[in-house]
Amino acid sequence: MCGIVGYTGKDDAKRIIVDGLKRLEYRGYDSAGIALLVDGKLVVLKKKGKIRELESEVTCLDLVSHTGIGHTRWATHGHPTEENAHPHTDCRGEIAVVHNGVIENYMTLKEELLRKGHRFKSDTDTEVVAHLIEEERNVCSDFFEAFLRAVRKLKGSYALAVITTESPDKVFIARKDSPLVVGLGDGENFVASDIPAFLPYTNRVIFLEDFEAGIVESDCVTVTDFNGERKEKKPVTVPWSLAQAEKAGYKHFMLKEIFEQPRAIADTISGNLPWLRGESEIEGLELDGIKRIQIVACGTSYHAGLVGKFYFENLTRIPTEVDYASEYRYRNPVVDENTLVVSITQSGETADTLAAMRLAKEKGARLLTICNVIGSTATREADAVLYTYAGPEISVASTKAFTTQLTVLLMLSIFLAKVTGRDEGTEDLLSQLLQIPSKVEEFLRLEKESERVKKIALDLYRVKNMLYLGRHVNYPIALEGALKLKEISYIHAEGYPAGEMKHGPIALIDETVPVVVVATKGRVYEKVLSNLEEVKSRKGKVVAVTNEGCREVKEKSEFVIEVPEVEEFISPIVNVIPLQLFAYYIADFLGYDVDQPRNLAKSVTVE
Ligand code: AGP
């Protein structure tokens, strides 16, 4: 959602901060701002709309600054205006604050501060933080102490970065329920809500945890708890490169990330093979007495979870449920110490998923998370972590995170099958999984040459509704295909189990509603074929994702996308790729901002 960047060091703070904000554009925002310390004074610039507006004004500023903070805002409290954009300042214009999250008790605090004579300039919850620090500064001798006193009064979620004219080479930070990372440079240090913001400069980081605060200076970083007690923090090196966080000649990050999938899947397989082969352990994973599995996740990660259910139940016979993380805590789930709760989250910061994990932990469950971001909140709170090695995923629409999640889920279920003595056939499955990167590579290479998916998208991009059908292990792929299309092209799309269509959605079908059908070989192939007939007899236009030998499907479909034939269980990893491309090209033909779709944010850190 919102993005934070802070800098202090030898270099030009304004250039580094604006550059960092541009790297966070993918998070979604509607205004941006920067505050710089210049000759003991604060200079604040804010702009509604895109960062380039801010950038053109900042570049014209004839000033030298080595410390500053910046922010991209996604409006929650107050409209997306210049006044409401961050940074916010105190009455005297000496303290500047940027904030991600929601200050839940801001109204009470604001009323109190108004009574004490503070003057507010915005409708935001964030502005109270600047005035609160100003107020606390009147009663204590040290700025950091005043900062901590203010932070202790806040309720809600916050990642905060603050600068002040009285300490012109420091950035003050605090975190609760919203991510904040410090990047360690050489004679310079960085603060950000997301690692890509400072990746050109460093990949050595310190993750701030909840209820931690700190002072970032050019040559040292001090971390304390909210009472000012010093804490030792170990820096971590994140294996992400700058190239992974750049477009590398592609028109959009989404397209680049789709084409990165062969590498991402291969890296995920090799990164996880050691524990699957028994050469290492899954640290923290205690499986004795596990009687059921519950998967919690949101959006695309939830769809990966639905495929995971097939894997777990078929390979291990352990009963598995899948929940939207946002619903889990409201349904009073039956969960105990014999439950393994598997959370799936690309970012590791999704508020709903974290809340579901916390509830499960409270009830005694064992927690395993499948996550892409090292050091993220989910990875710190779970008992055990399995990483996807997708590299940074910048596009809001998740692609390579999804296929690598499926890869880990399949590997985990093979592992559980071995542990539970049901390993018949699993070696074969694994050896077929090892072939997947080259199969995906082959499909993408052919697509580059033939532009098959792109041409179909060109034929269909003006439609208003679409239906996606799949069955069995490919039913979640129909859901994921429809989600991709909705997210970035704003075309209404529904995913359905193909066999369920006759119970309602069939009424929607006519010649204006294309129906995308996942009809690859497998145990439900014949069934899907008859569902396809049902579409045809209602004059629906069929776009089929199918395999080379599937003559019957081809004969009945207006548009055919051929994917390599792979083992049915593995097929979701391959079959989803044309659907990602299809959604991408449609959105691009419609002229939409593919990487930053309207109303959406990359990581949803509020409930
Ligand atoms: C995917 O295309 C979406 N942007 C969204 O559904 C996403 O998968 C969801 O918000 C969950 O995010 P997470 O994996 O980071 O927890």
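Here, each number is a calculation from the coordinates, and none is a lab measurement. All values derive from a computational prediction rather than experimental measurement. Neighbour counts are summed over all protein chains in view; Cβ atoms, including those assigned to glycine, are modelled from backbone coordinates with ideal geometry.
Specify which residue in the list Ala507, Ala519, Leu590 is farthest towards the positive end of the charge dipole of region 489-607, using unit charges on the beta carbon of Lys, Arg (+1) and Asp, Glu (-1), about the Cα centre.
Looking along the dipole axis, the top candidate is Ala507.
Compare the peptides 419-429, 195-205 by average per-residue count of other Cβ atoms within 10 angstrom and give them in order, highest first.
195-205, 419-429
For the chain, build the charge dipole from Cβ charges (+1 Lys, Arg; -1 Asp, Glu) around the Cα centre, then report which of Thr379, Leu446, Ser395 sits farthest towards its positive end.
Of Thr379, Leu446, Ser395, it is Leu446.
For the charge dipole of the chain, defined by +1 on Lys and Arg C-beta atoms and -1 on Asp and Glu C-beta atoms about the Cα centroid, which residue among Thr237, Leu132, Pro80 has the Cα displaced farthest towards the positive pole?
Positive-end residue among those listed: Pro80.
Only Cα pairs under 8 Å and at least 6 apart count here; give the relative contact order of region 422-500 as a rounded whole percent.
24
Hey, can you list the DSSP H helices of the chain whose Cα span along the axis is 18 Å or longer and whose average Kyte-Doolittle score is at least 0.0?
Within the chain the helices that satisfy the rule are 400-419, 475-489, 571-589.
Can you tell me, using C-alpha contacts under 8 Å and at least 6 residues apart, the relative contact order of region 289-347 as a whole percent?
55
Cα centroid distance between region 120-196 and region 444-476, in Å?
First find each Cα centre; the distance between them is then 47 Å.
Rounded to the nearest 20 Debye, what is the dipole magnitude of the chain about its Cα centre when Lys and Arg each give +1 and Asp and Glu each give -1 at the C-beta?
1120
Could you tell me how far the Cα centroid of region 337-351 sits from the Cα centroid of region 259-318, in Å?
With region 259-318 and region 337-351 each reduced to a Cα centre, they are spaced 12 Å.
If contacts are Cα pairs under 8 angstrom and at least 6 residues apart, what is the relative contact order of region 388-539 in percent?
Dividing the mean separation by the residue count of region 388-539 yields 18 percent.
By a straight-distance test (C-alpha under 18 Å), which lysines pair with Lys521 as possible cross-link partners, with residues fewer than eight away in the same chain excluded?
Lys439, Lys554, Lys556
Can you give me the Cα centroid spacing of region 367-401 and region 528-607 in angstrom?
25
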